[in-house]
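Only one structure is covered here, and it is reproduced in the block below.
The values are calculated or read from the model by the stated rules, or taken from the named source; none is laboratory data. The structure presented is a predicted model; accordingly, all values stated were derived computationally and were not measured. Counting neighbours? That spans all protein chains shown, and the Cβs are built from the backbone with ideal geometry, glycine included. Surface accessibility is based on the protein's heavy atoms, side chains included, excluding ligands, DNA and RNA. Shrake-Rupley method; radii C 1.70, N 1.55, O 1.52, S 1.80 Å.
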Amino acid sequence: MSGIGVLREGPLHAAIKALLARPGDRVEVRVGRFVIDLVRADGELVEVQTGGFGPLGAKFDALLDDHRMRIVHPIAAERRIVRVDDAGEVLSARRSARRATAVELFDKLVAFPSLLAHPNLTIELLLAREDHIRAAAPVRTRSRRRTRDPGERRLVELLDRVELRGPQDVLLALPPLPSEPFSTRELAVLLGCPTVLAQRTAYCLRLMELIEPAGKRGRTPLHRLTA
């Protein structure tokens, strides 16, 4: 096991990497000019990505045509917000009302949606129960301005896994889309997500040729499933 990159990874990334590892796998392996999180015994390259997919672009450009690759992306289907003091003692814990679903993928996939059609790429979603560890009080700058505290994500339990090997698997991971033309606002209601995320979802589905333009309803653009 190499120490390359280990010191920079957070507890969620480290926990998922440990969860995924099987006998014969190697972690933190240099492949060409890149360091890969996990190399399977059968040669598959596995990248654990807890944030956006954009930083993976250079790796895919260099490696995807010659290697089977997998992105493993955790989604907080359930979460607790845990406040701790400077010594790490828990001050409070509350369950967040926000429950993320597989739709969250499109917030990240917008970086390169058409790439999922590549035969060497698999995306695996881990729907998890997480604790989000935060400071006792909101973080403030020197000017005393209150700032967002992103905290630290920690894996509590794995609830489900969703594997996407191509565009059609994306449709199977979503609620059934309407047979009639629909707007992004209507898509947001169907998916139970903000309109901005529905717009990104529609953008990705269009580039994967799963939906297509279907005219307008007044001034509102419509989409429909590709025949």
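With the whole protein complex present, Met208 retains an accessible surface near 20 Å², based on a 1.4 Å probe. For the chain, the normalised intensity computed at q = 0.09, 0.15, 0.17, 0.18 Å⁻¹ comes to -0.45, -1.10, -1.26, -1.32 (log10 of I(q)/I(0), Debye sum over alpha carbons, equal scatterers, no solvent).
Under a model in which nothing but the beta-carbon of Lys, Arg (+1) and Asp, Glu (-1) is charged, segment 31-129 shows a dipole of about 500 debye around its Cα centre.
Each semi-axis of the equivalent ellipsoid for segment 41-122 is √(5λ) with λ an eigenvalue of the Cα gyration tensor; in descending order they amount to 33, 15, 11 Å. Kirkwood's formula applied to the C-alpha pairs of segment 21-77 gives a hydrodynamic radius of 11.9 angstrom. Couplings for segment 186-200, taken from phi via the Karplus curve 6.51 cos²θ - 1.76 cosθ + 1.60 with θ = phi - 60°, read 5, 5, 4, 5, 4, 7, x, 9, x, 4, 4, 5, 5, 5, 5 Hz in order; Gly and Pro are left as x.
Residues in the chain average 56 Å² of solvent-accessible surface per residue, probe 1.4 Å, ligands and nucleic acids excluded.
Per-residue SASA remark: Lys17, around 10 Å² accessible (1.4 Å probe; ligands, DNA and RNA not included). Build a GNM of the chain with springs between Cα atoms under 10 Å apart, and of Ala137, Ala111, Ala77 the one that fluctuates most is Ala137. In order along segment 25-36, the Karplus-derived 3J(HN,Hα) couplings, from 6.51 cos²θ - 1.76 cosθ + 1.60 at θ = phi - 60°, round to 6, 10, 10, 6, 10, 7, 10, x, 9, 10, 9, 9 Hz, and Gly and Pro are given as x.
In terms of accessible area, using a 1.4 Å probe and ignoring ligands and nucleic acids, Phe112, Phe106 rank largest first as Phe112, Phe106.
Taking all protein chains together and rolling a 1.4 Å probe, Arg83 ends up with roughly 60 Å² accessible. For the chain, the share of accessible area belonging to carbon and sulfur comes to 50 percent (1.4 Å probe, ligands and nucleic acids excluded).
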